[in-house]
Structure formats: C-alpha cells, structure tokens
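Trainee: Structure in structure tokens, see below.
Read-outs throughout are calculated quantities, based only on the coordinates presented, and are distinct from any laboratory measurement. These numbers were taken from a predicted model, which means no experiment stands behind them. Cβ: placed from backbone, ideal geometry, glycine included. Neighbour counts: every protein chain shown.
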Amino acid sequence: MLGPVLLAASRSDRMRRVVAGAPITRPVVNRFIAGDELAPAMDTVRSLTASGLEVTLDHLGEDVTDKATALATRDAYLRLLEALKAEGLGTRAEVSVKLSAFGQALPAGGHDIALENVRPVADLASEIGTTVTLDMEDHTTVDSTLAILDDLRLRHPGTGAVLQSYLFRTEEDARNLAVAGSRVRLVKGAYKEPANVAHQDKAEVDRAYVRCLKILMAGEGYPMIGSHDPRLISIGQELAHRHGRKQGSYEFQMLYGIRTAEQRRLAEEGERMRIYVPYGADWYGYFMRRLAERPANLAFFLRSFLPT
Ligand code: FAD
C-alpha cells in the first residue's frame, strides 16, 4: 500500500523540499547514491571495476522543464565521458540517461530537443568505445524514447534501451527489439502507472517479465537482465543455457547499494555483472523510487529520524 504513496510523493515538489532538506536524510541516501559530484562517483567506479564488476553511470536528474537545465545535463554527461576516457574506463563503464533530463518533457518540441541534446553524448560515448542506454520513464514517454533510440542506433547501433515488463505493450516492443546488435535492459518498472496500460499485480508483472525475457533470450540481441529478484535471475541463467548463450552474450544489472553480495556472487560465477551507479545532487526522485520498492528501506529511513 505504501509503494503508490511514495511514488506519488516522488513527483511532489513539497515533499522534495521536506525530504531533501532534512540533513538526517543523507546517511540513508548515501546507501543508494555515489555522491553529489563526479569525483566521488569516479571513486566508486574505480572500486567496482577493480573488483571485476562493470558499471553504468547515471547523472541524476529528470523532468527538466527549461532548456538551460537540459543543456547542463548534456554537459554533465560530456564531462563524465571525458573522465572515463582519461582513465581508460570506456570498456568497463557505460552511461544511462533519462531523456526527460535532456528536455523530452519540455512542452514545445521536447522530443527534438532531447534528441539534439543526447546526440553529442552518444557520439562521444562511441568515440571512447562505450555505449549509452536510454532509461525508460513513465508510459507517456515510451514512444518518444523508442523513436530516439531508432534514430541514435543509425549511427550508434549499440545504443541500449530499457523495457518495463509491467506495461502491456512490452512483449511487442521486446519482439521488435530482439534483433542483431540491439541491447535491451529488461526491468519490472518503477513508476506509478494506471491499470489501463500496466499490470498492477506483482505476480503478473513477474510473469510478464519471464515472457519478455524469453523473447529477448531467443532473439539475436544482447539482453540485460535488470533485476534483484533471485527467481528471475535463475530463470535468466536457465534461459541463457537453453538458448546456447555463452556468458558475456547477455548480462545482469543491479542498482548500486542493493544486493551487493549477490552482485559479487554472479561476477564470481563468471557472469557479466553491471552496477547502475547514480550520482548528482538531484537524487530525490530516484531515492523515493527505491523507498517505494521496499518497505524495509522506508523503515530504515524513518528510524534515522528517531533520537539515538
Ligand atoms: P523486486 O521484486 O522489487 O525485488 C526483488 C528483491 O530485490 C527484493 O526482495 C529485495 O531483496 C531486493 N530489492 C529490490 N529493490 C530493492 C530496494 N529498492 N532496496 C533494497 N532491496 C531491494 N525502472 C524503470 O522504470 N526504468 C528504468 O530505466 C530502470 N532502470 C533500472 C536499471 C537497473 C540496473 C535496475 C536493476 C533496475 C532499474 N529499474 C528501472 C527499476 C526496476 O524497474 C525495479 O523497480 C527494481 O529493479 C525493483 O525490481 P526487482 O526486479 O529488483 O524486483
């Protein structure tokens, strides 16, 4: 029951001021976010890659409503890619972008503005030997995001996309994207979606995840299994085996700070394991979605408000 409330709060400016303004929030936030700035995020990247993990970095921000902030997002990603290049990390680290931070949500011409802003990021990523994955936001953005994916893939075929199994449309999207050269991260979905577009029942979302994963594993693309769910992880391994896929022809992905022992276990088994590392000052929306996913996180967060 709390999940939908927290998801609604994740888009409330009033709640943002209350939660983000409380100094006490910080230790809990630090569990999920690799710092407000690029420098601590790079420390995290060095440490994760040194331990055999791969990473995808997210410069936090979303729902940008002015052109200047959208340009600032582009520039933050260009600085990030330059930092990865300087350390020769292009083969172990890629970047994840939220198109709403590149201007997609702007009322006039948002789609074109986001495309124009993300293009130089995809160009620089290719130049340093890495890739960009387009995160998926709420269902109203899916058509625009997949159209931007098609456009970027003309010059950068390795550009990745995210599909969310809770959406009814996703099996069809998975079929369209299960083609040679494409990279698809399959997740359950983290937004509050209405019943006319998305499964509401957790078990239905899981069953849809398995159906979509079967399509991706049987296809010719590169599936990226974005989940912490032990059952889905073992189904992923089983499907890979059934389709004769070698380790490295698909990968697992988990979020920074979640199930770290499992991340190491999979990497030790020889699986390619990528950690999604968010950093930046605009952590509120991302943080609230993590609280919504797991009531225990909320309890941990609320306990930090109690006097010690
Ligand atoms: P769940 O059933 O939610 O969790 C399974 C188990 O994992 C839980 O029992 C618990 O042990 C652990 N766990 C899960 N979440 C948490 C948490 N927050 N804190 C602590 N433990 C937890 N969603 C989008 O809508 N768009 C995206 O672009 C997107 N990108 C993602 C990228 C990656 C790499 C990952 C891993 C997830 C991404 N998500 C995205 C979020 C995703 O949609 C789910 O909301 C999230 O992964 C929780 O689902 P789950 O598959 O882990 O399963």
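Trainee: Taking amide H atoms as placed 1.01 Å from N in the peptide plane, list the residues 5 or more away in sequence, or in a different chain, whose amide H sits under 5 Å from that of residue 94.
Mentor: 55, 56, 57
Trainee: Okay, moving on. Tell me, what HN-Hα J-couplings in whole Hz come from the Karplus equation 6.51 cos²θ - 1.76 cosθ + 1.60 at θ = phi - 60° for each residue of segment 251-257, using x for Gly and Pro?
Mentor: Coupling constants for segment 251-257: 8, 9, 9, 9, 7, 3, x Hz.
Trainee: Turning to a different aspect of this structure: Quick one: which residues, 5 or more positions from residue 64 or on another chain, have an amide H under 5 Å from its amide H? H modelled 1.01 Å from N in the peptide plane, none for Pro or chain starts.
Mentor: Distant-sequence amide H within range of residue 64: 101, 103, 105.
Trainee: Further, regarding this structure: How do 28, 97 line up, fewest other C-beta atoms within 10 Å first?
Mentor: Numbers: 28 21, 97 27.
Ranking 28, 97 by Cβ neighbours within 10 Å, fewest first, gives 28, 97.
Trainee: Sort largest first and round to whole Å: the equivalent ellipsoid semi-axes of segment 1-87, each the square root of five times a Cα gyration tensor eigenvalue.
Mentor: Square roots of five times the eigenvalues give 27, 19, 12 Å.
Trainee: Okay, moving on. For the chain, what is the percent of antiparallel DSSP beta bridges, rounded to the nearest 5?
Mentor: Numbers: 1 of 32 bridges.
Roughly 5 percent of the DSSP beta bridges within the chain come out antiparallel.
Trainee: Among the listed pairs 67/188; 67/98; 98/214; 192/214, which have their C-alpha atoms separated by more than 22 angstrom in this model?
Mentor: Check vs 22 Å cut-off fails for 67/188; 98/214; 192/214.
Trainee: Could I ask something else about it? Amide H neighbours of residue 183 under 5 Å, counting only residues 5+ apart in sequence or on other chains, H built in-plane at 1.01 Å?
Mentor: Those qualifying (amide H under 5 Å, at least 5 residues apart or on another chain) are 161, 222.
Trainee: Further question on the same structure: Got a sec? How would 235, 128, 275 order by Cβ neighbour count within 10 Å, fewest to most?
Mentor: The order, fewest Cβ neighbours first, is 128, 235, 275.
Trainee: Could I have the simple spin-label model distance between residue 179 and residue 281, label points 7 Å from Cα toward Cβ, reported in nm to one decimal?
Mentor: According to this spin-label approximation, the distance is 4.2 nm.
Trainee: Quick one: Karplus J couplings for segment 52-69, per residue in order, coefficients 6.51, -1.76, 1.60, θ = phi - 60°, nearest Hz, x for Gly and Pro?
Mentor: Couplings: x, 9, 10, 9, 10, 9, 10, 7, 4, x, 6, 6, 5, 10, 9, 5, 5, 5 Hz.
Trainee: I'd like the Karplus ³J(HN,Hα) series for segment 198-215: coefficients 6.51, -1.76, 1.60, θ = phi - 60°, whole numbers in Hz, and an x wherever there's a Gly or Pro.
Mentor: Listing the rounded values in order: 9, 4, 9, 8, 4, 5, 5, 4, 5, 5, 5, 4, 5, 4, 5, 5, 4, 5 Hz.
Trainee: Tell me the mean residue ellipticity at 222 nm calculated for the chain from its helices only (DSSP H runs of n ≥ 4, each -39500 (n - 2.57), averaged over every residue, nearest 500). Let's see the in-between values first.
Mentor: Values: 13 runs with 152 residues, N = 308.
When only DSSP H runs of four or more count, the value is -15000 deg cm²/dmol.
Trainee: Could you list 5, 64 in order of exposure, starting from the residue whose Cβ has the fewest other Cβ atoms within 10 Å? Numbers along the way, then the final one.
Mentor: Values: 5 12, 64 26.
Arranged by neighbour count, lowest to highest, 5, 64 become 5, 64.
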